[in-house]
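Reading through the C-alpha cells given below for one structure.
Bear in mind these aren't lab numbers, they're just calculated from the coordinates by the rules spelled out. All of these numbers come straight from a predicted model, not from anything done at the bench. Here the Cβ positions follow ideal geometry from the backbone for every residue, glycine too, while neighbour counts run over all protein chains shown.
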Amino acid sequence: MSSTETLIPFIKEKRKTDEPPITIIVDSRECSSAPKIVKGLTELGVNIKTETLEKGDYIVSDECAIERKTVNDFVYTLTRRYLFEQIFRLKEAYPKSLLLIEGYMPMIYKFSKIQPAAVWGAMFNLAKNGVPMINTSSQKETIDFLYVAARQEQLIEKRAATVHAFKNYDTLSEAQMYFIASLPNVGREKATAILQSYQTPLNAFINVDDWGKIVKGLGPVITNKVKAVLTTPYKEEQQSNQPEPK
C-alpha cells in the first residue's frame, strides 16, 4: 500500500447493490461444525460453495485460505503436534494463508494439560515463519472478518476464490523423496537414486560434492546449484512478474 492510499476501501461494511457477488469456498466439515458462520455469510450476500477441502476451512481467493480454530481447538492441536504441518502445507498452496483463532484467548490459562507458555511459543513460531494470526472473540466477528477479507481479495485485488491441489506425501519415504526432488534440476528419478545411495537426506547433503560420482546425470552444474540453495543465507526478494513454474 502506498502512502497516498487509505484504509477506507477496506473497511466499508455495506455492499453496494451494483457490486459483483463475493464467493467463499467452505470446507464441507466446517459447514457442519459452524453452520452459524455459513448462515451469517449467506445473509451478507456471500455466495457459498461447499467442497471437501484437503487443507483449510475457507478459501477467499487464489492466494488466501483461512484455517479457523476455536481457542480450545488451537490448544488441542498443540498436544497432537500436527498444527505446524497443517498450516505450512496450506501456505505452500496459498501464500497469503492465515490462522483465525476464535474465542477468548485468556482461556489458555485455565487448561491443565498444556502450559500457557507453550501456546504463546507456538504463536510466536507461526508468526516468525510468516503465518499471520487473527483473533476474533465470537462467530459474529469471524463472519465480519471473513466477509471483509473476501471482499478485499475479490473486489479490490481482483482475485477469484480457487481450490488448489496439494502435493501429497503420505509416507515418510515419500516426504524425503519430495524434499530432495524439489532441489534445482534434481527431480523425482534422481532424488530416488540419491536416497538409495545415501539413505537419508542429511547424509546426502553432507556428501553433496560426491553426487556426480554416485548418481548418473548429477554433474557439477547441478550440485553447485544445490549447494547454493543449501548454503546461501536467506534474503527475501521482491516478487517478480514472471509466472511461477508448474
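The protection proxy used here, the mean number of other Cβ atoms lying within 10 Å of each residue, ranks peptides 53-66, 142-155, 92-105 as follows, highest first: 53-66, 142-155, 92-105. Dipole magnitude for region 20-156: computed about the Cα centre from +1 point charges on Lys and Arg Cβ and -1 point charges on Asp and Glu Cβ, it is near 460 debye. When the alpha carbon coordinates of region 83-144 are projected onto the principal axes, the ranges are 35, 28, 16 Å, largest first.
Let's test the formula: R0 of 30 Å, r as the Cβ-Cβ distance of Ser112 and Ile134. What FRET efficiency results, to the nearest 0.05?
Between Ser112 and Ile134 the formula returns 0.65.
With 25 Å as the limit, write out which pairs from Lys91/Lys190; Lys69/Lys140; Lys49/Lys96; Lys55/Lys225 have Cα-Cα distances beyond it, or answer none. From Lys91/Lys190; Lys69/Lys140; Lys49/Lys96; Lys55/Lys225, over 25 Å: Lys91/Lys190; Lys55/Lys225. Electrostatic bookkeeping for Leu99 treats Lys and Arg as +1 and Asp and Glu as -1; over the other residues with beta carbon under 9 Å from its beta carbon, the sum is +1. In this structure, the amide hydrogen of Glu102, modeled 1.01 Å from its nitrogen in the peptide plane, lies closer than 5 angstrom to those of Lys69, Thr70, Val71, Thr136, counting only residues at least 5 positions away or on a different chain. In terms of surrounding Cβ atoms within a 10 Å radius of their Cβ, Ile194, Ile214, Ile156 rank from fewest to most as Ile156, Ile214, Ile194. Which number comes out as Rg/Rh for region 20-156 once both Rg and the Kirkwood Rh are worked out on C-alpha atoms? Answer for region 20-156: 0.96. The modelled label-to-label distance between Phe88 and Gln196, using points 7 Å beyond Cα along the C-beta direction, is 2.9 nm. With θ taken as phi - 60° and the Karplus curve 6.51 cos²θ - 1.76 cosθ + 1.60 applied, the whole-hertz 3J(HN,Hα) list for region 50-63 is 9, 9, 7, 8, 5, 9, x, 10, 9, 10, 10, 6, 6, 10 Hz, x standing for glycine and proline.
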